[in-house]
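Chemist: The structure's right below; bear with me while I get my questions together.
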Amino acid sequence: MIPQNIKDILANGENVGLYQTFSMIFFLIFFLGIVIWVFSRSKKHYDEEANAPLEDDIDDKNL
């Protein structure tokens, strides 16, 4: 039988459940890593970044 699409390949392949499990674990580790990284940054960093568009640049005064 020639598979017609990706769904057929993933439904009938060997170790498909193992690949899906590894994919989910990799995604969760990556997602939790990003969340931990964002929350570990200091509030001062985010306050500086939030106010950056409101600050005057030296280059703007020379126009």
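Chemist: Among the residues of segment 6-24, count how many are of a type outside the set (Ser, Thr, Tyr) and either touching a residue at least 24 places away in the same chain (Cβ under 8 Å) or open to solvent by less than 80 Å² (accessible area, probe 1.4 Å) (or both).
Modeler: 5
Chemist: While we're looking at this one, here's another question. Can you list the helices (runs of 4 or more DSSP H) lying wholly within the chain that have 3 or more residues being at pLDDT 75 or above and not aliphatic (A, V, I, L, M)?
Modeler: Filter on the chain gives 16-40, 43-51.
The values are calculated or read from the model by the stated rules, or taken from the named source; none is laboratory data. Source: prediction; values computed, not measured. No Cβ is skipped: glycine too gets one built from the backbone with ideal geometry, and neighbour counts run over all protein chains shown. Just so you know, the surface numbers come from the protein's heavy atoms only, side chains and all, with ligands and any DNA or RNA stripped out. Shrake-Rupley method; radii C 1.70, N 1.55, O 1.52, S 1.80 Å.
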